[in-house]
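To start, the structure itself, in structure tokens.
The values are calculated or read from the model by the stated rules, or taken from the named source; none is laboratory data. It should be emphasised that the depicted structure is a prediction, and the values quoted were computed from it without experimental measurement. Cβ coordinates were reconstructed from backbone atoms using ideal geometry, including for glycine residues, and neighbour counts include every protein chain displayed. Heads up: the accessible areas ignore ligands, DNA and RNA and are worked out on the full protein's heavy atoms, side chains in. Shrake-Rupley method; radii C 1.70, N 1.55, O 1.52, S 1.80 Å.
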Amino acid sequence: RLTMRTTARWLRSGLFQRSFGTSTKDKLFVHGMEFHGYHGDLAAEQELGQKFLVDVDVWSSLQPAAKSDLLKDTIDYVKIWEMTKDSVENKTFEMIEALGGDISDRILAFDLRIERVRVCVKKPQVCIPGTLSYVGIEMMREQEEKKVNTGDK
């Protein structure tokens with residue numbers, strides 16, 4: 001039977017956080033990034049390029065920066081923007097899934113304090129004979145368990 005007391009114990013135990021893959025509720029996000037890239041299966045997409053829209057969310061404790069008011073105690077969103085820009089503008093992928101994976105991997109490797117990342121890539125100019133706003137992908141990735149548990153940075 002689920003009571004207030006057992007629910008509170010479950011939340012304090014950390015099982016709730018482990019069940020959902022992250023131990024923090026804090027999230028930093030960089031949304032609405034627009035870049036010109038050369039991704040797609042068609043030759044014209046890789047020659048002419050097109051606009052890509054990217055949103056990135058990262059889960060990490062923001063408490064240290066909230067207390068210290070220092071950039072070194074948080075995740076630098078300028079670096080997230082720079083890595084995303086580099087992946088979109090300076091690399092070429094046939095699939096936006098590969099582009100999203102590259103962005104995710106780079107962000108997770110950049111700072112091991114990041115527990116989870118969500119990357120959403122939207123491609124507004126697609127070769128589909130119909131009207132639509134965009135196609136896209138959204139992926140969630142987490143740090144490897146051993147890195148998160150050891151506190152390596």
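Give all pairs with beta carbons closer than 9 Å in which a residue from region 73-92 that is at negative phi and among the aromatic types (Phe, Trp, Tyr) meets a residue that is surrounded by 15 or more Cβ atoms within 10 Å (Cβ to Cβ) and outside any loop (DSSP other than H, G, I, E, B); count only pairs at least 6 apart in sequence or on separate chains.
Correct list of pairs: 77/28; 77/30; 77/56; 77/58; 81/30; 81/33; 81/56.
Does region 38-64 hold any residues that are under 26 Å from residue 127 (Cβ atoms) and open to solvent by less than 50 Å² (accessible area, probe 1.4 Å), and which are they?
Our first condition is that a residue be under 26 Å from residue 127 (Cβ atoms); within region 38-64, this holds for 38-55.
Matches in region 38-64: 39, 40, 45, 49, 50, 52, 53, 54, 55.
Could you please find all residues in region 98-114 being open to solvent by 20 Å² or more (accessible area, probe 1.4 Å) and not in a loop (DSSP other than H, G, I, E, B)?
Within region 98-114, 98, 102, 105, 106, 109, 110 meet the criteria.
This table checks each residue for (1) open to solvent by 90 Å² or more (accessible area, probe 1.4 Å); (2) at pLDDT 95 or above; (3) among the polar types (S, T, N, Q).
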| position | (1), (2), (3) |
| --- | --- |
| 80 | no, yes, no |
| 96 | no, yes, no |
| 116 | no, yes, no |
| 121 | no, yes, no |
| 129 | yes, no, no |
| 143 | no, no, yes |
| 147 | no, no, no |
| 151 | no, no, no |
